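Below is one structure; the comments refer to it alone.
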Amino acid sequence: MRTILNVLWLVLCGLWMAIGYVLAGIVCCILIITIPFGIASFRMANYALWPFGRTVVRKPTAGPASTVGNVIWIIVAGIWLALGHLTTGLALCITVIGIPLGIASFKMIPISLVPLGAEIVSTNDPRAAY
């Protein structure tokens, strides 16, 4: 079932959202100081391509630097990516088949807003239970 949902996701919205994350990552990699944002954006692009079967967990070792970085990320790119997920989720929820995909898009809004201090893990990973 995950494979079917992932293929539908990829065709209907995953590719476009991943392109958005990759563009944000390229822009962030222009300056040396924003390379961590670019790396986080590329990680999220991978997650946006194939989200079913994976989840996001917060790293317990994330400190105040990730909080400051997340505030900067929200201002620079997070709002636009979150709006993309919101728009995509609403469009997908119009059809009955698209409702699970729309819900998945809504679940990606928090990670698009605050990516630093988070890790994408398989749902089989023990950390996914927390």
Handout entry: Members of the stretch 97-114 found to be modelled with pLDDT of 90 or more, β-branched (Val, Ile, Thr) and over 15 Å from Tyr21 (Cβ atoms), listed by number
Key = Ile99, Ile103
Practice task
Kindly state which helices (runs of 4 or more DSSP H) lie completely within the stretch 46-111 and contain at least 1 residues that are among the polar types (S, T, N, Q) and surrounded by fewer than 21 Cβ atoms within 10 Å (Cβ to Cβ).
Solution key: 64-73, 79-92
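Against the condition out of contact with any Gly (no Cβ under 7 Å at 6 or more places or on another chain), of a type outside the set (Ser, Thr, Tyr), farther than 13 Å from Ala48 by Cα and in contact (Cβ under 8 Å) with a residue 60 or more places away in the chain, how does Gly78 come out, does it pass?
For Gly78, the condition - out of contact with any Gly (no Cβ under 7 Å at 6 or more places or on another chain), of a type outside the set (Ser, Thr, Tyr), farther than 13 Å from Ala48 by Cα and in contact (Cβ under 8 Å) with a residue 60 or more places away in the chain - is not met.
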Practice task
From the list Thr61, Thr95, pick out the single residue that is hydroxyl-bearing (Ser, Thr, Tyr) and under 21 Å from Met1 (Cα atoms).
Solution key: Thr95
Practice task
Restrict the check to the stretch 27-45 and report whether at least one residue is out of contact with any strand residue (DSSP E or B) (no Cβ under 8 Å at 6 or more places or on another chain), outside any helix (DSSP H, G or I) and surrounded by fewer than 16 Cβ atoms within 10 Å (Cβ to Cβ).
Solution key: yes
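The values are calculated or read from the model by the stated rules, or taken from the named source; none is laboratory data. Just so we're clear, the structure is a prediction, and the values are computed from it rather than from any experiment. Quick reminder, even Gly has a Cβ in these numbers, built from the backbone with ideal geometry, and neighbours come from all protein chains shown.
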